[in-house]
Every structure is written in C-alpha cells, then in structure tokens.
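Read through the structure below, which is laid out as structure tokens, and then see the notes.
Every read-out reported here was derived from the displayed coordinates using simple, explicitly stated rules and does not represent laboratory data. Since the model is a prediction, treat every value here as computed from it, not as a measurement. Ideal geometry is used to build each Cβ from the backbone, glycine not excepted, and the neighbour counts take in all protein chains shown.
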Amino acid sequence: MKAISVLGSTGSIGTQTLAIVEEFPERFRVVALTAGRNLDLLIDQIRRHAPELVALADEDVLPELRSRLEALDPSQRPARQPELVGGSEGLCAAAAWPSADLVVTGIVGCAGLLPTLSAIKAGKDLALANKETLIAAGPVVLPALKASGSRLLPADSEHSALFQCLQGTPWADSARLSTGVPTPGLRRIQLTASGGAFRDWPAADLAKATVADATSHPNWSMGRKITVDSATLMNKGLEVIEAHYLFGLGYDSIEIVIHPQSIIHSMVELADSSVLAQLGWPDMRLPILYCLSWPERFETPWRRLDLTEVGQLTFRAPDQQKYPCMGLAYASGRAGGTMPAVLNAANEQAVALFLEERISFLDIPRLIERVCDRHRSDLRSDPSLEDVLAVDTWARQALCEAAGPSGRVELLVG
Ligand code: NAD
Ligand code: MG
C-alpha cells in the first residue's frame, strides 16, 4: 500500500490521480491534499479519501473550509477530520508529510517550486507533473535530489514514454534520472507534439486567435495554462528543457516532431541507431499510473490500443516561424543558469494576461523574447534558490511592463 500526497488535487492531474487511487484502493491511499480555491470539489475529495492533512494555497479561505467541513451532515463526514493548514508553509507541509511515500506534483506553475523542494528535502519520491519547477530551478532541484536520494519519476506523458523506453537498457536505473549525467547509450530524444489547437491554422490567422480558440485542444483535456502552452508550442519547448534536466542530454540531441495523432508519446534513439517508442491512446492516466506503480505494471481495464483503428501515424517537422516559442525555449535552455526561470515566469505571466484578454495570442512570444533579452546581461550561471525566486518575480514584472498599460494587472507571484 503506497501512501500518496497530491499537490493540486482539484486540477486535471490531481483529479486523475485520485481517480486512479479509487481504482486501486488496495494499492494506494491518500494521506495529504492541497488545493487552490475550489472548495466544493476539495470537500468531496476529503469525504472520499479522508486524508490526514489538507493544505489550502490561500490561507484566507481556511475558515470557510473548516466551517463547511464541520457543518457536514454526520453521514457525509469523512472517516477522520483532517488537520487543516494554509499558505506556502502549509503546501510545503503537505509535500513533506511524514506518512507519504510519494508526492504527486499537480500544482501549475512555479508556485510548485517550494513544495517540490520541501518534498525532496524530506526524501520523498516524486511523480513530477509540475514541469515549471524543474525548468525554472533545474540547477537547484538536481543537487537537492542528489543530496536526499529522492527519485523524480516523470508524469508528463512524453517523459514517461522516454522513461519507459529506457527500461531494459543499461540505463534502467532510476537513480540516474535527473542527475544531469548523460544516459549511457542514449544518443537522441524525439519528443512528439500534437501540434496544439492551431496545428491546422494558416500562420496568418494566428493574429486573430481568441482565448476560446487557444483553450480547445484537439487530443488532450488539460488545465487552461498548459492548453495555451500547447497552442503556442511553448509546452513542447518547456518539455525540451525538462528532458534535458531529466535525462542529461545536450540540446542538440533533443528534437521535436509533430505527430497529430498523439499515439507515439516520444522516442529514444540508442547508440546502435535503434529507436524505441512508447504507444498508447492519449490518456494521462497511463503516465500517472506508471509513476504510482513503478517499477510494477498494474492490470487495467482501460481502452486498449488498436492500430488498425488509428489507421495512420504521421509525422512532420515543426514550423519554427509559426511557433517562435520553441526557439525561445531552446535558446533559454542553451543559455542555462537563470534564463529558463526567466522564460518560464515570463510565459506564465503572458499566458495569464492572454487568458484575461489583455494581450493577443501573438503578443505571447513577442513579450517573452523581450524579457529574455533584457535578462541576458544579468544571467547567473549557477543560481541559488534565492536567485531563481528573484528572477521569477523580476520576469513577471518585466513582462507586465513590456505589455504596456494593458499588462498593468496584479502581479502573479510564483
Ligand atoms: P490545473 O489548472 O488543472 O490544476 C492546477 C492545480 O494547482 C489546481 O488544483 C489548483 O488549485 C492548484 N493551484 C493553482 N495555482 C496554485 C498556486 N498558486 N498555489 C498552489 N496551488 C495552485 O493544471 P493541470 O493541467 O492539472 O497541470 C498541473 C501541472 O501538470 C502543470 O505544471 C502542467 O504543466 C502539468 N501537466 C499537466 C498535464 C495534464 O494533462 N493536465 C499533462 C502534463 C503535465
Ligand atoms: Mg507533455
């Protein structure tokens, strides 16, 4: 029985994780939950899973949660009343909760950084969905992993595919994950991308792309931020940096290929030129379950892949002109140090402004590029946690300034 702490339990990753726990009640139990403001869903989750601890990102909402739990009809009450905590300290407590064996990081954005580090310091294994944390703070997270012995198991579907493909190679030793040491025998990584919401749009039409257009993904149902990242292909760019930190390959050896069917979830090329791929329907439950069950495989009744039903698997090179975010991500990754943290924070702020209809879709890459350019002279090559947090705040501010009057909104602080 594995005890799990779920950070961001009310989101897309969080709810799918809890659905898996309910499907395998004899293998998993939930000991801690964290959430933002969706109290209706959180209370339902508390009733179903009876966690020991619940943390709310916003401390001010704690009294409402407490009184709503106390007001529940006795027949509706959870088997135990959880301890309730709030704020950043509360999230970190849930991440380091003593009885948890594994922490699922389903918080969106750099807000996941301190809880992730808290879990690592406590020696917990992590199912990493919250890629922004590794991208922004790779130079801080990797040494912390080494010091604590925590294992970072990738929940992102592409990185799970790579992880699965590498089982059975000389590398098949999870201790190598995220050590920054190149994986022996691994020559190249190919990350597949669905192409996002605009893959069939002519580039000229992107200027009039609306929020509704950008938030309807053709293959995956996910949170709003990552869905916009998929439409700009920034998500794939971020995944290139994520793959660099997880598998230790240089940026010249990590490629993106557009694969509209999302059946192949990514590929590895080994030293002898053999290419291994992992296939499945696009369903995030699979990579999440693999993090939870690893190194075992559990029997599931989930829809089985039938390639005759798929018919065709097609591939094409990504269009760099149409999607400048990919190039920005490669350049940030190559610059290293604090630059990926700047890229990530600028992107989070730009996406937030776009979702509030304060900037246009094409403003997203334009503004991020300006912020990254401004940071070049201040780049720290071997940043501390404080450096990462400082550039994160600076980049959000710089993006709002670059956006002009429309960007003058409350700062999103990671
Ligand atoms: P989501 O928006 O659906 O859920 C985010 C969760 O984080 C919610 O529970 C929310 O309450 C919480 N949250 C939001 N802001 C917070 C803050 N400032 N502090 C604390 N908690 C906060 O997002 P999602 O789609 O589940 O994505 C979560 C993470 O997983 C992201 O990093 C994303 O890139 C990654 N990911 C998601 C998918 C997917 O299929 N959804 C796939 C791969 C990777
Ligand atoms: Mg992905």
Practice prompt. State the Cα centre-to-centre distance between the stretch 244-271 and the stretch 86-108 in whole Å.
Written response: 30 Å
Worksheet item: Any idea how far apart ARG376 and ARG304 come out in nm if each label point goes 7 Å out from Cα toward Cβ?
Response: 5.6 nm
Worksheet item: Which is farthest toward the positive dipole end of the stretch 231-354 among TYR251, TYR330, PRO287, measuring Cα position about the Cα centre, with Cβ charges +1 (Lys, Arg) and -1 (Asp, Glu)?
Response: TYR330
Practice prompt. Using only C-alpha positions, report the orientation-averaged shadow area of the convex hull of the chain, nm², one decimal.
Written response: 20.0 nm²
Discussion item. I need LYS225, LYS236, LYS121 ordered by Cβ neighbour count within 10 Å, fewest first.
Written reply: LYS121, LYS225, LYS236
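To the nearest 20 debye, what is the magnitude of the charge dipole of the chain about its Cα centre, counting +1 on the Cβ of each Lys and Arg and -1 on the Cβ of each Asp and Glu? Could the numbers behind the result be given before it?
Values: 38 positive and 49 negative charges, 73 e Å.
Roughly 340 debye, rounded to the nearest 20.
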Worksheet, complete the sentence: Expected sort for TYR330, TYR290, TYR251 with the fewest Cβ neighbours (10 Å cutoff) up front is TYR251, TYR330, TYR290
Response to the item:
Fewest to most Cβ atoms within 10 Å: THR227, THR34 sort as THR227, THR34
Practice prompt. Write down the percent of antiparallel bridges among all DSSP beta bridges whose residues are both part of the chain, to the nearest 5.
Written response: 25 percent
Response to the item:
With Cα springs under 10 Å, the Gaussian network model of the chain assigns the largest mean-square fluctuation among ALA147, ALA277, ALA398 to ALA147
Worksheet item: What distance in nm separates the simple spin-label points at ALA317 and LYS208, each placed 7 Å from Cα in the Cβ direction?
Response: 3.1 nm
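Quick check for me: using +1 on Lys/Arg Cβ and -1 on Asp/Glu Cβ, what's the dipole size of the stretch 227-355 about its Cα centre, in debye to the nearest 20?
On the way: 8 positive and 14 negative charges, 44 e Å.
Value, rounded to 20: 200 debye.
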Item to complete: Once you've got the GNM for the chain with C-alpha springs shorter than 10 Å, pick whichever of GLY86, GLY311, GLY149 has the biggest mean-square fluctuation.
Response: GLY311
Worksheet item: Treating the beta-carbon of each Lys and Arg as +1 and of each Asp and Glu as -1, no other charges, what is the dipole magnitude of the stretch 323-414 about its Cα centre, to the nearest 20 debye?
Response: 260 debye
Item to complete: Taking the dipole about the Cα centre of the chain, with the C-beta of Lys and Arg at +1 and of Asp and Glu at -1, give me whichever of ILE13, LEU276, ALA398 is farthest to the positive side.
Response: LEU276
Worksheet item: Any idea how far apart GLU356 and TRP220 come out in nm if each label point goes 7 Å out from Cα toward Cβ?
Response: 2.6 nm
Worksheet item: Among ALA100, VAL141, ALA129, whose Cα lies farthest out toward the positive end of the dipole of the stretch 86-175, if unit charges sit on the beta carbon of Lys, Arg (+1) and Asp, Glu (-1)?
Response: VAL141
Response to the item:
Quick shape summary for the stretch 1-150, equivalent ellipsoid via Cα gyration tensor, semi-axes whole Å in descending order, reads 25, 16, 13
